[in-house]
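A short worksheet on the structure shown next.
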Amino acid sequence: MNRVPAVWKIGVLTVLYGAQGLPFGFQSNALPLYLGELKLSYTQIGLARALALPWALKAIWAPLVDRYGTRKRWIISAQALLTLTCVAAAFFPLDESTLVPFLACVLLMNLFAATQDIAVDGLAVDLLEPRELGAGNAAQVVGYKFGILTGGSLLVVLSAAYGWKWLFLSMAALCVIAMTVVMFVDEPRHAATEKKERVSWREIVSKVKSIVTRSGAGWLLFAVATYKLGETLADAMFGVWLTRVHEIPKQQVALWLGGWGMAASVIGSFLGGLLATRTRIVTAVFIAACLRLIPLAAQWAAVAGLFGISRDTIIPLTMAEHCFGGLLTTTMFALMMASVDRSIGATHFTLLASIEVAGKAVPGLLSGVFVDHFGFSATFGIAVALSGFFLFVCRRLSQPVQPGSEPAP
């Protein structure tokens, strides 16, 4: 499989990560806007982010994906279930009478997408050579954010003209396309051989224990858990602030944040892939974290009323914040993948990814509570402080040496 062109590997991973981003994009970017129209409290809107819980808990069942079946079978099965759930969601219009079954559909979408993500992460570890990690992680983040852009913005804007059912049936159709692509993927021979010689549960536990206790692992885990704290706290309420406080229509906010913002995030992710391949990964993470702090401070200034709110101010601000946020995400994921033990690739990377999601989940869940108790300005000020604290954490990271990362002879 090492002879397969890198462009094919990157293309396949981009499509698969894109399909996974569809439900998360809707849930994180569009759903709060719809819930806001139902006049729920800020605390209730923030707590709706608990629907992404499967992404934080997926490490629990990741060893099953590593140990049983093939990556391809897991991906196709999860993608089929995700498709069916999208179709089901199309028949539950979002109102008070159907809110519970609809939110249950969103929860299942995240469950199936998170399970697929375990297998796709393992496939990426199997497919990519060390020199391809930067491009591979760019594909991971860019593909995922294209999915978020589509599910959280483009389809929402178009649904105003074509209707609610069209939104989710379009998601289902895109999932079918991704499922078709993976049917043409052949897993690497070395991965198939390793599947036959399955690692025992005792070995998996032993390897995970050695991973989390090795020198420098504590700071890596802490960095993965905290690098998005401030950014997520601000992003969770910025769109709600625009729709509730400034009464800007949700389709317009979805286009500003999910459209222009995600487009800038994709550019930042591409740049992050380049940065991660042209300098030490830990240095790349620190540079990205410094740049991200600038637009977050400007975002607080907007909320505090230090300058006017209009299309001409919000779009550039949003694009800068998402661009540097994408830059940081790609460099951090490159750092995570470079630290993976390939013998338990899916389990190890999923453990790191689950910690990353859990770190983002906490401020997202509490964002509404902060706004209800302290107000928007104080909440966004705390977000800037948390992002500034991460710069200190960055300086404690060390360059990873990946076991077995040397090219095969």
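State the extension gain, in nm to one decimal, for the chain segment bounded by His373 and Leu38, taking 0.36 nm per residue of separation less the distance between their alpha-carbons. Don't skip to the end; give the middle numbers.
Working: separation 335, 0.36 × 335 = 120.60 nm, distance 2.07 nm.
Answer, rounded to one decimal: 118.5 nm.
Helix 201-213 versus the longest principal axis of the chain: what is the Cα-based angle in degrees, 0 to 90, to the nearest 10?
The answer is roughly 60 degrees.
Using the beta-carbon distance between Met183 and Leu84 and R0 = 25 Å, what value does 1/(1 + (r/R0)^6) give for FRET efficiency, to the nearest 0.05?
Working: r = 17 Å, r/R0 = 0.69.
Efficiency, rounded to the nearest 0.05: 0.90.
What ranking of Lys72, Lys145 emerges when the number of other C-beta atoms within 10 Å of each C-beta is taken as an exposure proxy, fewest first?
Ordered by Cβ neighbours within 10 Å, fewest first: Lys72, Lys145.
Mind sorting out which of (i) 20.3, 62; (ii) 21.1, 66; (iii) 22.1, 67 is the real Rg and Dmax of the Cα atoms in Å computed from the coordinates?
(i)
Which whole-number percentage describes the relative contact order of the chain, with Cα contacts under 8 Å and a sequence gap of 6 or more? If you can, show how the numbers build up before the last one.
Working: 641 pairs, mean separation 117.7, N = 409.
Result for the chain is 29 percent.
If packing is taken as the average count of other Cβ atoms within 10 Å, what order do 279-288, 35-44, 94-103 fall into, highest mean first? Kindly include the intermediate steps, with their values, before the conclusion.
On the way: 279-288: 19.8, 35-44: 15.1, 94-103: 13.3.
Sorting 279-288, 35-44, 94-103 by mean packing, highest first, produces 279-288, 35-44, 94-103.
Can you order the peptides 238-244, 348-354, 311-317, 7-13 by their average number of other Cβ atoms within 10 Å per residue, highest first? Intermediate results must be reported in sequence, preceding the final value.
Numbers: 238-244: 21.6, 348-354: 24.3, 311-317: 15.6, 7-13: 18.3.
Taking the mean over residues of other Cβ atoms within 10 Å, the ranking is 348-354, 238-244, 7-13, 311-317.
Taking other Cβ within 10 Å of each residue's Cβ, how do Cys175, Cys394, Cys323 sort, fewest first?
Cys394, Cys323, Cys175
From Cα coordinates alone, what are the radius of gyration and Dmax values for segment 212-329 in angstrom?
15.9, 51
Only the coordinates and a few stated rules stand behind these numbers; no lab work does. Model, not experiment: these values are computed from the prediction. No Cβ is skipped: glycine too gets one built from the backbone with ideal geometry, and neighbour counts run over all protein chains shown.
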